[in-house]
Amino acid sequence: MNIQKFAKQEIALRQIETALGLYFGKGDLFSAITLAGAAEEILGQLLQLKSEGEGLGAKLTSIFKILRPRSAKGDVQEGFTGHQTETFVHMDAHHEAVFLLGRAIEDYVALTGQPTAAMLRFLSEMPVSR
């Protein structure tokens with residue numbers, strides 16, 4: 001076993017960058033959605049710690065707990081525009097990918113103030129909602 005220490009911010013950055021690579025490369029949008037959602041969850045926790053003044057390293061949380069779905073019942077998450085049955089999810093995958101990537105990037109920039117080149121590209125190409 002090779003247990004190492006990984007910064008949550010770096011994990012989230014890698015997830016966003018991989019999701020953006022899939023998005024720009026017209027790859028698997030479901031994977032992009034999953035990665036962006038996981039990154040947004042991690043960054044939300046880091047932003048909460050920052051706002052509480054505890055510092056980024058104050059609490060240790062298992063990555064498995066962070067990435068676990070919020071509800072074992074499959075409750076719909078905020079922003080989800082589709083609906084689910086026992087065996088199907090009905091949604092616009094492109095819209096969900098754009099939504100979650102936007103939220104993850106927004107959280108990353110709020111935390112670090114430093115968007116990457118891929119993030120800036122996404123933001124510049126993102127359709128404007130009216």
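Where a number appears in this text, it was derived from the coordinates with a stated rule and is not lab data. A quick note: this is a predicted structure, and the numbers were derived from the prediction, not measured. Glycine gets a Cβ as well: all are built from the backbone with ideal geometry, and neighbour counts include every protein chain shown.
A compact table of results
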read-out: Region 37-52 - phi-based ³J(HN,Hα) in whole Hz, Karplus 6.51/-1.76/1.60, Gly and Pro as x; value: x, 5, 5, 4, 5, 4, 5, x, 5, 5, 5, 5, 4, 5, 5, 7
read-out: Net length gained if the chain between A117 and V89 were fully extended (0.36 nm per residue, minus Cα distance); value: 6.8 nm
read-out: Which of F122, F24 has the fewest Cβ neighbours within 10 Å, and the rest in rising order; value: F24, F122
read-out: Exposure proxy order (Cβ contacts within 10 Å, fewest to most) of K50, K8; value: K50, K8
read-out: In order through region 102-118: 3J(HN,Hα) via Karplus (6.51 cos²θ - 1.76 cosθ + 1.60), integer Hz, x for Gly, Pro; value: x, 5, 5, 5, 4, 5, 4, 5, 4, 7, 10, x, 10, x, 7, 4, 5
read-out: Placed amide H near T116: partners under 5 Å, 5+ positions off or other chain; value: none
